[in-house]
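The values are calculated or read from the model by the stated rules, or taken from the named source; none is laboratory data. The structure presented is a predicted model; accordingly, all values stated were derived computationally and were not measured. We place every Cβ from the backbone using ideal geometry, glycine too, and count neighbours over all the protein chains shown.
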Amino acid sequence: MTYKTMNDSLLWQIRHFVYNHFADTTHPPSVDETARHFNITGEEASEYYKELHNRHAFLLDAETLTVRMANPFSGIPTDFKVHANGKTYYANCAWDMLGIPATLNTDAIIEAKFTESNESVKLEVKDGKVTNGDLLVHFPLSFSRWYDDLTFT
């Protein structure tokens, strides 16, 4: 399947499905789960995943095509845990840990570790605001450089 033969509507439906799956289950669907859901072949689903990766909608593990990042959700455990709606989500970074409650439109308790010191911090998000606002989040790279090394950022 080439980009020209790809169904653009289905491409965005698949993106939507992956994000909803994260929101519902805390983890991404596999390529096979996506293929079954849309009644397409695993090869077709793989090509759609790759195209979404190329468009920066996801970050895939190149070997397995597992969705590693669908911002703000992380497909792997990280030091940024977000407890919301009775579930525990993983965020990719400090920015995304705040993005999960915003995406889900819910209150949350966030547990994170400072990268340099390994010190733990706990935040509460209530009604869209961080309640313990005496903390400062540091981003080591400017936003324009995040895709230079997305897993580091």
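A compact table of results
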{"quantity": "Enumeration of residues in the stretch 57-78 that are in contact with a helix residue (DSSP H, G or I) (Cβ under 8 Å, 6 or more places away or on another chain), assigned to a loop (DSSP other than H, G, I, E, B), without any contact (Cβ under 8 Å) to a residue 40 or more places away in the chain and not polar (S, T, N, Q)", "calculated": "65, 72"}
{"quantity": "Subset of the stretch 96-124 (residues that are more than 11 Å from the chain's Cα centre (by Cα) and closer than 20 Å to residue 18 by Cβ)", "calculated": "101, 102, 104, 105, 106"}
{"quantity": "Criterion: in contact with a Phe, Trp or Tyr (Cβ under 8 Å, 6 or more places away or on another chain) and either within 27 Å of residue 132 (Cα to Cα) or not polar (S, T, N, Q) (or both) - qualifying residue of 105, 92", "calculated": "92"}
{"quantity": "Residues of the stretch 26-56 satisfying the condition of being of a type outside the set (Lys, Arg), under 27 Å from residue 102 (Cβ atoms) and without any contact (Cβ under 8 Å) to a residue 12 or more places away in the chain", "calculated": "53, 54"}
{"quantity": "Residue satisfying all of: in the stretch 97-153; of a type outside the set (S, T, N, Q), exposed (fewer than 15 other Cβ atoms within 10 Å of the Cβ) and part of a helix (DSSP H, G or I); modelled with the lowest pLDDT among these", "calculated": "147"}
{"quantity": "Test result for residue 66, among the β-branched types (Val, Ile, Thr) and either under 25 Å from residue 8 (Cα atoms) or assigned by TED's automatic domain parsing to the domain that holds residue 16 (or both)", "calculated": "yes"}
{"quantity": "Search result, residues across the stretch 25-56 that are within 13 Å of residue 12 (Cα to Cα), in a helix (DSSP H, G or I) and either not charged (D, E, K, R) or not assigned by TED's automatic domain parsing to the domain that holds residue 12 (or both)", "calculated": "34, 38, 45, 48, 49, 52, 53"}
{"quantity": "All positions within the stretch 82-96 that are surrounded by fewer than 20 Cβ atoms within 10 Å (Cβ to Cβ), modelled with pLDDT of 95 or more and not β-branched (Val, Ile, Thr)", "calculated": "83, 85, 86, 87"}
{"quantity": "Verdict on residue 45 being among the small types (Gly, Ala, Ser), out of contact with any Lys or Arg (no Cβ under 7 Å at 6 or more places or on another chain) and modelled with pLDDT under 95", "calculated": "no"}
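Here is a yes/no grid of residues against (1) outside the structural domain of residue 42 (by TED's automatic domain parsing); (2) under 25 Å from residue 48 (Cα atoms); (3) of a type in the set (S, T, N, Q):
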| position | (1), (2), (3) |
| --- | --- |
| 84 | yes, no, no |
| 92 | yes, yes, yes |
| 100 | yes, yes, no |
| 108 | yes, no, no |
